[in-house]
Amino acid sequence: MSASFTPALDRAHLAAVVTDFAASAPACDYWSLRLVAHQWDRIEVREDVLEPPALGHSLGAMLTLVMRAGIGYAATDDLSPPGLRAAARRARDWALQHDQSGLFDARLHPRSAHRAEYASPVAQPWGQVRLSEKLALLHQANQALAIDARILDRAAWLDWDCVDQLFVSSDGAEVFQHLEYLDRGLLAVANAGSQTQRRHGGGFDQPRQGGMETLDSADFLAQAPRLAEEALALLDAPECPNETLDLILMPSQMTLQIHESIGHPLELDRILGDERNYAGTSFVTPEMFGTYRYGSDLLNVTFDPDLPGELATAAADDDGTPSERAYLIRDGVLQRPLGGGLSQARSGLPGVACARASGWDRPPIDRMGNINLEPGTATLAELIGGVARGVLMETNSSWSIDDSRDKFQFGCELGRLIVDGELADLVRNPGYRGRSASFWRSLDGVGAPATLEVRGLHNCGKGEPNQTIAVGHASPPCRFRQVEVFGGTP
Amino acid sequence: MSRKRATDLSQEEHARDLFYRLAERLQAGTRTGETLFCELRAEHSDFARINRNRIRQAGALRHARLHLRLIEDQRQAEASGNLSGDPVQDFAEARTLLRQLRQRLRHLPADPYLQFSTEPTRSNQWPEADPCDAETAVADILGAAEGLDLVGIWASGEVTLGLASSIGHRHWHVSRSFCFDWSCHGPQGGAVKGSHGGLHWDPAPVRARLEAMRAQLAILSRPPQPLAPGRYRAWLAPMAVAELIQMLAWDGFDLKAQRTRQSPLLRLLDGQTRFDPRLSLHELHGISGTALLPRFTSEGYLRPERLTLIDAGSPGVPLVDARAGKEYGLPVNAASGSPESLAMTPGDLPSADVLSALGDGLLIGNLWYCNWSDPNACRVTGMTRFGTYWVADGAIVAPVAPMRFDDSLYALFGEHLQALGAESELLLSAETYGGRSLSSMRLPGALVGAMAFVL
């Protein structure tokens, strides 16, 4: 048995905290308390050496108060009655200032009376697998990556997170969610002279809710030599050509494409201007919803909080609004933004339950949840077969987009030329650039359900103060026509 | 020292002594052969997020985190947890973490790269400023920005870092500062950027900057200058230079990244190319730095006052953390492989002469969302964003819509570098991922003869 962990959330203790707070809450129009317990364990073996493993936990509360037209928050890890009273005083101070100088009337803020529970499906808990077994797996993977002296760096890792969150409100809300995630990965770095190539794999961009059952140990090990071989092969591969070509993106790159040029532009708080100093704004305007052609008829994108095991599957958001599946883009036409209750009230637009915070120490803002591109009907062979000259790209390595989410540029780890409907030579440093609106209209092939892969990111950054959050992206491979592609510097 | 200040100091000493007592109680329970490092990171901050010169979201944060590193028999493991401020509860929490670490260590192999300072260094750094009244400061800002579409973030408060080890290290560092990072937006969508941070809040610099921005916004209301992709002369203001230097900081100077050939500076390190000899970059700490950062590292080492990372265009020393130092046999000189207090040697182009020196070209206030397009060639892509203008004949003509560049830093700071600004600007990091950043850069602007724009 691995080293035991402090129970993430003693619900009886937390219930007592809530009861105490409720009994002495300051006079206000509405309050919510979001208690979050987070546990983690990080294990990595790099070049056959175990990095110092790190386990930890954090427990704190985010208190939000609404007083008249003002709203303020205070986050604290001192959950004693005096600690929460001190937090309440600070939240009240800021609510009073907002009452005088606020951007909106805080009476628009959603008030939750929702009651729900959710738990990640876990078949094999992290703690049930011995540490020695995990270390053995990572060491085996390291050895499987070490196939050539030109592999100068290699790593294998397992990251486990467990989050228990209790949301309560003065209106009687009680939402308890138990979320467990496993993030794992492999890295092979090959070098020859001043050319270095990397290949990631082993599920590194496929974090899932669940336990050790989400790790297919056999596949994890089986991938290792292939990744190392590909990194070596990329050293000698020609650069991706600089041309306008048809492009097939595998799910390992569709993740970033969806994230940057659909997910972020649809965040309603960006459209309302809240992020203009940092994460940016959007080329999408409120008038576009319901009519704007975002992409081809094949483009269907959903906000899906129900997909089992996907990273952001949940019963409710962090303002206590129940989560429901909804189309964001249907048959290519923009339907609704990613806006939580407050943004919906501010804008008069429909939205989804997507007010999320990275932890107890940050307030919720509009975030992506699971943003998925719904499958079509084509097999991968059919997608490739429909290309006379093009490139297939996989595994994101670089991402950049302008502050209105229009002009983008992405790089991938690996590309393969497509010639007359067949995969051909490997090419290195493949990248492409374009503009969001025209790019999605060039979508003319979407993989069938059997090609769908459920992926995600743990490091979506946004907000002031900054916060990173986990989001899910499920997608099949997709084909785009006539995209500007390029390679590295010769 | 004022009576208020004296009271603050005794409270801060009390906080320090609480932490040291906790560490000593834990260390008293260590076994023969065990070495224990205890670290504290605490933050008390206020944040006010502003949109359209009104408060969008404001609140406060209090957290204190304990990080333990237990070492025995060449094995090490780490654990972290909360500190509530209650000594009884915190000691129970810390003992639980220690128990977990002991259990874990039994299953771990020896770590060949384990390294920590065995010299029991000590330091105290107290805040140099009184606490900032965040509500008053925000009200000052809103008043000064009347009529402007101001969007930004106010962050202020205290960050405390402590280190106590069973070897005898005792370090305590409290920094108290504010940072206001903002932009003012014109009706056509263009914007200009400002940032002001420091120890003592005084609204005057922000008021002055806001007044200057009103004039700049008038320029932004002009029709934008259409520009086709191509190469253009450009003046990169210090904030724009900062975005490019951040790319170099991403594995550029880390010893491990250099030795595993993952640094974007491979061609420089291999002698295949050089930056312009006017380019020198240093990592500064102590009295040479901002004093926001502590001198000590998590392993008890002291950061040196000055490291030269780029020396007149040639490679300088790498950043060597404890682990890499052990692996490669070099002395430790950093907390990690990423710089935290960079300074670039300024040049000789006075700010008053920038426009005339530029002639025809782009005046770029900021760059945004930079990433590698080819790290082996140190080639970066990114966007222009705030305060970017077309200049003709040394005069600002019109704003420019966001454009994407894709160019090599070897070229921008090499063959195409024409001048560095004579005045440097201190840029305090506004980042708050995982906690308020204490990093900074002190940079001049840069005049480049050709910068490649692709979209």
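Only the coordinates and a few stated rules stand behind these numbers; no lab work does. Everything numeric here is computed off the predicted structure, so don't read it as measured data. Cβ placement follows ideal geometry from the backbone for every residue including glycine, while neighbour counts extend to all protein chains displayed.
Over the Cα atoms of segment A:316-445, what is the Rg over Rh ratio if Rh follows Kirkwood? Mind dumping the intermediate values first?
Details: Rg = 18.8 Å, Rh = 17.7 Å.
Radius of gyration over Kirkwood radius for segment A:316-445 works out to 1.06.
At 222 nm, what value in deg cm²/dmol follows for chain B if DSSP H runs of at least 4 each add -39500 (n - 2.57) and the sum is divided by all its residues, to the nearest 500?
Working: 9 runs with 107 residues, N = 455.
For chain B, the value works out to -7500 deg cm²/dmol.
As an exercise, use a Förster radius of 35 Å and the Cβ-Cβ distance of B:VAL397 and B:GLU423 to find the FRET efficiency, rounded to the nearest 0.05. Show your work: numbers first, answer last.
Values: r = 24 Å, r/R0 = 0.69.
That gives a FRET efficiency of 0.90.
Each pair of Cα atoms in segment B:332-376 enters the Kirkwood radius, and Stokes-Einstein at 20 °C and 1.002 mPa s then converts it into a translational diffusion coefficient of 143 µm²/s. The distance between label points at A:VAL419 and A:ASP10 comes to 6.9 nm (points 7 Å beyond Cα on the Cα→Cβ vector).
Run through every distinct alpha carbon pair of segment B:71-161 and return the Kirkwood hydrodynamic radius in angstroms, one decimal place. Before the final figure, lay out each step's value.
Numbers: mean 1/r = 0.0540 Å⁻¹.
The Cα-based Kirkwood calculation yields 18.5 Å.
How much of the DSSP beta bridge set in chain B is antiparallel, as a percent to the nearest 5? Can you show the working numbers first?
Working: 105 of 117 bridges.
Bridges in chain B are about 90 percent antiparallel.
Rounded to the nearest 500, the helix-only mean residue ellipticity at 222 nm of chain A stands at -6500 deg cm²/dmol, with each DSSP H run of n ≥ 4 adding -39,500 (n - 2.57).
Would you please report the Å³ per residue occupied by the convex hull of the alpha carbon atoms in chain A? If you can, show how the numbers build up before the last one.
Values: hull volume 68.4 nm³, N = 490.
In chain A, the Cα hull volume divided by residue count equals 140 Å³.
Give me Rg over Rh for segment B:284-389, both radii from the alpha carbons and Rh done the Kirkwood way, two decimal places. Can you show the working numbers first?
Values: Rg = 18.1 Å, Rh = 17.1 Å.
Here the Rg-to-Rh quotient is 1.06.
Share of antiparallel DSSP beta bridges in the protein assembly as shown, in percent to the nearest 5? Walk me through the intermediate numbers first.
On the way: 220 of 253 bridges.
Taking every DSSP beta bridge within the protein assembly as shown, about 85 percent pair in antiparallel fashion.
Dividing the C-alpha radius of gyration of segment B:174-248 by 2.2 N^0.38 Å, with N its residue count, gives 1.39. In this structure, the pairs whose alpha-carbon distance is over 27 Å, taken from A:LYS462/B:LYS193; A:LYS134/A:LYS462; A:LYS134/B:LYS256; A:LYS407/B:LYS193, are A:LYS134/A:LYS462.
With the cut-off at under 18 Å, measuring from each backbone N in segment A:440-473 to a point 7 Å along the Cα-to-Cβ line of A:ASP297 picks out A:440-448. Bridge orientation summary for segment B:315-455: considering DSSP beta bridges with both residues in this region, about 85 percent are antiparallel. With the simple spin-label model, which puts each label point 7 Å out from Cα in the Cβ direction, the B:GLN11 to A:SER194 separation comes to 5.6 nm. Multiplying each eigenvalue of the alpha-carbon gyration tensor of segment B:29-182 by 5 and taking the square root yields semi-axes of 42, 16, 14 Å, largest first, rounded to whole angstroms.
A Förster radius of 30 Å combined with the Cβ-Cβ distance from B:ARG222 to B:ALA312 puts the calculated FRET efficiency at roughly 0.15. Entry for segment A:210-323 at q = 0.14, 0.16, 0.21 Å⁻¹: log10 I(q)/I(0) = -0.99, -1.13, -1.31, Debye formula applied to identical alpha-carbon scatterers, no solvent contribution.
Over the whole of A:420-429, what's the average partner chain Cβ count within 10 Å per residue? Rounded to a whole number, please.
Working: counts 0, 0, 0, 0, 0, 0, 0, 0, 2, 7.
Partner-chain Cβ atoms within 10 Å, mean over residues of A:420-429: 1.
Ordering A:THR291, B:THR260 from the fewest to the most neighbouring beta carbons within 10 Å gives A:THR291, B:THR260. For segment A:30-156, the Kirkwood radius over C-alpha pairs fed into Stokes-Einstein at 37 °C and 0.692 mPa s yields D = 173 µm² per second. Its Kirkwood hydrodynamic radius, worked out from the mean inverse distance over all distinct Cα pairs, puts chain B at 24.1 Å.
So if R0 is 60 Å, what FRET efficiency would B:ALA357 and A:ARG325 give, r being the distance between their Cβ atoms, rounded to the nearest 0.05? Walk me through the numbers on the way to the answer.
Values: r = 58 Å, r/R0 = 0.96.
Result of the calculation: an efficiency of 0.55.
Using the Kirkwood radius built from alpha carbon pairs, what does the Stokes-Einstein equation give as D for the protein assembly as shown at 4 °C and 1.567 mPa s, in µm² per second?
Numbers: Rh = 28.8 Å.
D, rounded to a whole number, is 45 µm²/s.
Remark: mean inter-chain Cβ contacts per residue of B:60-68 equal 6, using a 10 Å Cβ-Cβ cutoff to other protein chain atoms. The ranking of A:CYS478, B:CYS179 by Cβ neighbour count inside 10 Å, starting from the fewest, reads B:CYS179, A:CYS478. Largest first, the three principal axis extents of the alpha carbons in segment A:373-424 are 37, 25, 17 Å in whole numbers. Directionally averaged projected area (segment B:198-322, Cα convex hull): 12.0 nm². Sorting the Cα pairs of segment A:325-400 by distance into bins of 5 Å, from 0 upward, gives 3, 12, 14, 14, 15, 16, 9, 8, 6, 2, 0 percent per bin. Averaged over the residues of peptide A:86-94, the number of Cβ atoms from other protein chains lying within 10 Å of each residue's Cβ is 4. For segment A:417-480, what log10 I(q)/I(0) values come out of the Debye formula at q = 0.13 1/Å, with one point per alpha carbon and no solvent? Scattering profile of segment A:417-480, log10 relative to I(0): -0.62.
Summarising the overall dimensions of segment A:6-74 from its C-alpha atoms, the Rg and Dmax are 18.5, 60 angstrom. Note that segment B:302-363 shows a convex hull volume over its alpha carbon atoms of 134 Å³ per residue. Residues of segment A:454-490 with an amide N closer than 18 Å to a point placed 7 Å from the Cα of A:SER442 along the Cα-to-Cβ direction: A:477-488.
From the convex hull of the Cα coordinates of segment A:339-379, what is the mean projected area in square nanometres? It would help to have the intermediate numbers written out before the result.
Numbers: hull surface 17.2 nm².
If you wrap the Cα atoms of segment A:339-379 in a convex hull and average its projections, you get 4.3 nm².
For segment B:415-455, the Cα gyration tensor yields ellipsoid semi-axes of 28, 16, 6 Å (square root of five times each eigenvalue, largest first, whole Å). When each of A:ASP246, B:ASP276 is scored by the number of other beta-carbon atoms lying within 10 Å, the sequence from fewest to most is B:ASP276, A:ASP246. Calculated on the alpha-carbon coordinates, the convex hull of segment B:343-402 measures out at 124 cubic angstrom per residue.
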